[in-house]
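Take a look at the structure below.
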Amino acid sequence: MSNDDRTRAITAKQQEIAKTALAGRDKEGIRTQVVLATGGYQYFLYTYLTVRDIRLVYAPPKSIGYFGGDPDNFEWPRHCGDFAFLRAYVGADGKPANFSKDNVPFKPKSF
């Protein structure tokens, strides 16, 4: 088999596996992808759920970033408050939905 034929055969099989993984499922917001790993010795099937309602839950006050002055924040080692917490929300049925006050926090079966 030539390299081009081999590449086409692998691509076709990847697409077939990704399509088969969605068969019989509710496809709303779900995407699958077969990913090459270890130089072609292994392939992994990834399943993604796209959640459209993501909200900022907490961001520290600006003063945390300045706590300790220049020695703590602008010299090594740094101690700064540069983080934020986000939460994903879905519809009451557990499926991805656009922003709504009626949406509930997303609780996956596994992670």
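No value in this document is a laboratory result; all are computed from the given coordinates. Because the structure is predicted, anything quoted here is derived from the model rather than measured. When we count neighbours, we look across all protein chains shown, and the Cβ atoms used for this are built from the backbone with ideal geometry, even at glycine.
Some notes on this structure:
- Sites Lys19 and Thr50 - FRET efficiency at Förster radius 22 Å, r taken between beta-carbons, to 0.05: 0.80
- Multiplying the residue separation of Tyr41 and Arg8 by 0.36 nm and subtracting their alpha-carbon distance yields 10.2 nm.
- Whichever lysines have a C-alpha closer than 25 Å to that of Lys19, once near sequence neighbours (fewer than 8 apart) are set aside: Lys27, Lys95, Lys109
- Set the Cα radius of gyration of the range 1-50 against 2.2 N^0.38 Å, with N its number of residues, and you get 1.29.
- Each principal axis of the Cα cloud of the chain was taken in turn, and the coordinate range along them, longest first, works out to 66, 42, 21 Å.
- Computed log10 I(q)/I(0) for the range 52-111 at 0.17, 0.21, 0.24 Å⁻¹: -0.65, -0.77, -0.90, from the Debye equation with unit scatterers placed on every C-alpha and solvent omitted.
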